[in-house]
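Working notes for the structure below.
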């Protein structure tokens, strides 16, 4: 498929032979600046995007293309199994799904798109996945960006999840989500809400992973985020990372504050030799 503004978009399905008897396919899309050529091989490290709990490639909207234009980098996004256009999951994963996602998916993307080093960037729970990926793939992860990520279980987060759970009990709300997830929409909602509201998940944190991150780090958060206070971003940035708090901003920064978010990420990466 094509895209405007000097960007070429490419869709692929990557097969994971480790899942089930016949393997499973993840849907992925790459946005490549035309100046980099068809493969982007001679360009800087691409940015791999990890989506939120209700997200998928399509719900990044225009953000990947804008980020590709601003950074001159290839942007690669994918649908987790059970989400978007990827194959369904038949049961909810264990609580280690945040830690596993990068290790399960990034090597498949590296093979499919022909890159080794990359920038991990994630929104919400995808930010947690990006942190875990940076910690577990230190030799390949050149930089890390989190957007509205949670780093521990906070009552403000649980309050937001409970409110959303009530909203998605209505057929109209679920139907809107089904436009992007099809008949997986109910699974998507329940995966999110049942995980966060399970008492067994209450002690989850990113602390162990954050202690292993060695690459440059930027944590971005909206001050008015309904799914987590700025304490999450402060914890992620720690003593050595960069912190950006956006006043008057909520959770969906890549939609409501796209231009500001793109500019911040582009400026951060421009300062790095990656």
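Per DSSP H run of at least 4 residues, take -39500 (n - 2.57); add these up for the chain, divide by its residues and hand me the 222 nm value, nearest 500 deg cm²/dmol.
On the way: 10 runs with 102 residues, N = 274.
Counting only the DSSP helices, I get -11000 deg cm²/dmol.
Roughly speaking, what is the stretch gain from residue 274 to residue 117, that is 0.36 nm per residue apart minus the C-alpha to C-alpha distance, in nm to one decimal? All intermediate terms of the calculation are to be shown ahead of the outcome.
Details: separation 157, 0.36 × 157 = 56.52 nm, distance 0.84 nm.
Taking 0.36 nm per residue and subtracting the Cα distance, the gain is 55.7 nm.
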>> With the crude spin-label approximation of a point 7 Å out along Cα→Cβ, what separation in nm comes out for residue 103 versus residue 13?
In response: 2.8 nm
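With r as the distance between the Cβ atoms of residue 214 and residue 58 and R0 = 22 Å, compute the FRET efficiency 1/(1 + (r/R0)^6) and round to 0.05.
Values: r = 33 Å, r/R0 = 1.51.
FRET efficiency, residue 58 to residue 214: 0.10.
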>> Please state the shape class of the stretch 58-151: rounded when a/c is under 1.5, otherwise prolate if a/b exceeds b/c and oblate if not, all from the C-alpha gyration tensor.
In response: rounded
> Between residue 154 and residue 240, how many nm apart are label points set 7 Å from Cα along the C-beta direction?
Replying inline: 2.3 nm
>> Along its three principal axes, how long is the stretch 87-238 when you only count alpha carbons? Whole Å, largest extent first please.
In response: 45, 36, 26
> Is the shape of the stretch 231-274 rounded, prolate or oblate, going by the alpha carbon gyration tensor and its root eigenvalues a ≥ b ≥ c, with a/c under 1.5 for rounded and a/b larger than b/c for prolate?
Replying inline: oblate
> For the stretch 165-192 and the stretch 198-222, what is the separation of their Cα centres, given in Å?
Replying inline: 27 Å
>> Once you keep just the Cα pairs under 8 angstrom separated by 6 or more residues, what percentage relative contact order results for the chain?
In response: 18 percent
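Once R0 is set to 22 Å, what does the formula 1/(1 + (r/R0)^6) return for the Cβ-Cβ distance between residue 173 and residue 90, expressed as a FRET efficiency to the nearest 0.05?
With R0 = 22 Å, the Cβ-Cβ based efficiency is 0.40.
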>> How are the alpha carbon pair distances in the chain distributed across 10 Å bins from zero to the largest one, expressed in percent?
In response: 7, 31, 39, 20, 2
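What does DSSP give for the chain in terms of the percent of beta bridges that are antiparallel, rounded to the nearest 5? Please list the in-between numbers first.
On the way: 15 of 37 bridges.
The antiparallel proportion sits near 40 percent.
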> If you average 1/r over every pair of different alpha-carbon atoms in the stretch 159-274 and take one over that average, what Kirkwood value in Å do you get?
Replying inline: 16.6 Å
> For the peptides 29-35, 256-262, what is the packing order when you average, over each peptide's residues, the other Cβ atoms within 10 Å and list the highest mean first?
Replying inline: 29-35, 256-262
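All of the numbers you see were taken from the coordinates with simple rules; none came from a lab. Note that the structure is predicted; figures quoted are calculated from it, not measured. Neighbour counts are summed over all protein chains in view; Cβ atoms, including those assigned to glycine, are modelled from backbone coordinates with ideal geometry.
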